Structures are given as C-alpha cells and as structure tokens.
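Below is one structure; the comments refer to it alone.
The values are calculated or read from the model by the stated rules, or taken from the named source; none is laboratory data. None of these values were measured; they are calculated from a predicted model. Cβ coordinates were reconstructed from backbone atoms using ideal geometry, including for glycine residues, and neighbour counts include every protein chain displayed. For the accessible areas, the whole protein counts, side chains as well, though only heavy atoms, and no ligand, DNA or RNA atoms are used. Shrake-Rupley method; radii C 1.70, N 1.55, O 1.52, S 1.80 Å.
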Amino acid sequence: MYGELKEAILSGTLEPGCLIDKAGLCEKLGVSRFPVSAAVSRLSYDRLVDVAPQHGSFVARISLNDVRERFFIRSALEGEIAAEAARRMTRADKDALAANLKEGAAAVEAEDRAAFYAHDVAFHRILTARLGMARAQDVLESLRVHLERARRLAMSPGGRLHAALKEHVSIATAIEAGDPAAARQSMRRHLDTTSALLESLAKKQPGLFSL
C-alpha cells in the first residue's frame with residue numbers, strides 16, 4: 001500500500017494538492033482503513049503528504065525553495081564530480097557511460113518517460129560509483145529522493161527527453177575527451193536547465209508548488 005501510494009505521488013498520478021480519498025482506496029483495493037491510514041502516515045513522515053485534521057490528507061505541494069537549494073547543492077557537487085570523472089575515468093568506466101546513453105536513447109525513441117528517468121538516475125550514479133565516491137553518492141542519493149517529484153515533472157514538457165539525452169551526451173563527450181572544465185560546465189548546464197524548467201512550470205502551474 002505504501003509503495004503504491006508513494007509511486008503514484010512521485011509519478012504525478014496523484015498531483016500535488018489533491019485529496020487522498022482513503023475511503024475510496026479502501027473500497028478500490030478491498031482493504032480495511034488501517035493499512036491505508038498507516039501508509040498515509042508514513043508518507044506524511046516522508047513529507048509527501050500533508051495531513052489536515054478535520055479536513056483530510058492531501059498530496060504535499062512541491063516546495064520551490066527546497067528545490068532551489070537542493071539543485072544548488074547538486075550543481076556544486078556534481079559539477080566537480082564530472083570534472084574528476086574526466087580526469088580519472090578508465091576505458092571501462094567510459095564504456096559504461098556509453099552503454100547507458102544507448103539505453104537512454106532507446107527510451108527516448110520509445111517515448112518511455114519512466115524508463116528514461118531510470119536511465120537518467122543511473123547515468124549520474126555511474127560517475128560516483130566508478131570513481132569510488134561512496135560518501136558523495138550518499139549525499140546525492142538523499143538529494144535525489146527529495147527531488148524526485150520535481151525531476152520527473154521537469155521531464156513532462158514536449159521535447160525534454162531528447163534535450164536531456166543531448167545534455168548527457170555533452171557531459172559524456174567531455175569526460176571521454178578528458179576535459180575537466182568542459183565536463184564541469186556541461187554538468188552544471190544540465191542541472192541549471194532542469195532547475196529553470198521547474199521555475200517555468202511553477203509559473204504556469206502554481207497550484208503544484210509552494211514556497
């Protein structure tokens with residue numbers, strides 16, 4: 001129950017601000033109220049649900065200030081990781097990036113957003129994993145969890161999957177060339193573009209966001 005509700009929120013099936021119909025879920029899934037209430041409580045702890053006594057439980061809106069700060073941290077950290085990858089990645093490491101890009105391109109061609117998102121996450125993980133940066137990966141994983149809804153939402157505009165793939169290719173090309181400055185710049189441009197897209201979406205769909 002918890003996993004199903006969480007995925008529905010993260011994927012945008014349950015949009016920010018919408019009411020979680022506990023009674024409806026119980027009837028639809030044929031379960032008692034307890035597991036539904038327990039799942040909602042866990043999601044509230046995860047800050048994905050806002051519980052308003054006497055009013056109900058609602059999918060939490062995406063905090064713009066939180067997104068801005070987390071992207072700021074990601075840009076600073078991942079920019080340097082990309083630069084280090086350009087300095088230290090082996091042939092096998094670069095081949096792993098190339099394989100990821102090939103799979104990502106297939107997902108784009110199929111217009112499979114869920115698959116591309118998985119490859120997007122994997123692309124960034126390859127850098128820290130291949131460089132043996134476990135502590136950096138822990139920090140980035142924490143940021144990723146809290147940014148997941150925002151990142152998935154940023155992939156919704158038409159043409160964004162193709163653009164994101166090109167941005168990954170630019171990063172990988174700089175790493176392949178052993179150019180730390182270009183790798184850093186490409187990574188930061190990639191993350192800044194995602195952040196700017198969210199700012200634009202917030203203006204068009206303010207109901208999905210909060211400060």
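Under the rule a/c < 1.5 gives rounded, and otherwise a/b versus b/c splits prolate from oblate, where does segment 56-149 land using the Cα gyration tensor?
Oblate, because a/c is 1.5 or more while a/b does not exceed b/c.
For Tyr2, what accessible surface area do you get with a 1.4 Å probe? Give it in Å², rounded to 10.
Approximately 40 Å² of Tyr2 is accessible to the 1.4 Å probe.
Residue by residue, what Karplus-based ³J(HN,Hα) values in Hz, rounded to whole numbers, does segment 123-136 have, using 6.51, -1.76 and 1.60 with θ = phi - 60° and x for Gly and Pro?
4, 5, 5, 4, 4, 6, 5, 5, 8, x, 9, 5, 5, 4
For n ≥ 4 DSSP H runs only, could you compute -39500 (n - 2.57) per run for the chain, divide by its residues and tell me the 222 nm figure to the nearest 500?
My calculation for the chain gives -25000 deg cm²/dmol from helical runs alone.
Quick one: in the chain, what % of C-alpha pairs are over 24 Å apart?
47
Do you know the relative contact order of the chain, to the nearest whole percent, from alpha carbon pairs under 8 angstrom that are 6+ apart?
For the chain, the relative contact order is 29 percent.
Quick one: which residues, 5+ away or cross-chain, put their amide H under 5 Å from the amide H of Ser63? H built at 1.01 Å from N.
Under 5 Å from the amide H of Ser63 lie the amide H atoms of Ser210, each far enough along the sequence or on another chain.
Count the lysine pairs in the chain that are 8 or more places apart or on different chains: how many have C-alpha atoms under 25 angstrom apart?
Values: Lys6/Lys22; Lys6/Lys28; Lys6/Lys204; Lys94/Lys102; Lys94/Lys166; Lys102/Lys166.
Count of close lysine pairs: 6.
Quick one: dipole size for segment 54-211, taken about the Cα centre, charges +1 on Lys/Arg Cβ and -1 on Asp/Glu Cβ, in debye to the nearest 20.
Here the size comes out at about 260 debye.
Return the FRET efficiency for the residue pair Ser11, Asn65: r is the Cβ-Cβ distance, R0 is 25 Å, and the value is rounded to the nearest 0.05.
Efficiency computed from Cβ-Cβ geometry: 0.60.
Compute the long axis of helix 160-176 from its Cα atoms, compare it with the longest principal axis of the Cα atoms of the chain, and write down the angle in degrees, 0 to 90, nearest 10.
On a 0 to 90 degree scale, this one is about 40.
Taking the Cα centre as origin and putting +1 on Lys and Arg beta-carbons and -1 on Asp and Glu beta-carbons, what dipole magnitude results for segment 153-211, to the nearest 20 debye? Walk me through the numbers on the way to the answer.
Details: 7 positive and 5 negative charges, 44 e Å.
Rounded to the nearest 20 debye, it is 220 debye.
Are there trypsin sites (Lys or Arg not before Pro) in segment 1-103 that DSSP marks as loop and that have at most 15 other Cβ atoms within 10 Å, and which are they?
Answer by residue number: Arg47.
Please give the Cα centre distance for segment 135-211 versus segment 74-129, rounded to the nearest Å.
Centre-to-centre (Cα) distance: 12 Å.
On C-alpha positions alone, give me the angle between the axis of helix 33-45 and the longest principal axis of the chain, in degrees, nearest 10.
Helix 33-45 sits at roughly 40 degrees to that axis.
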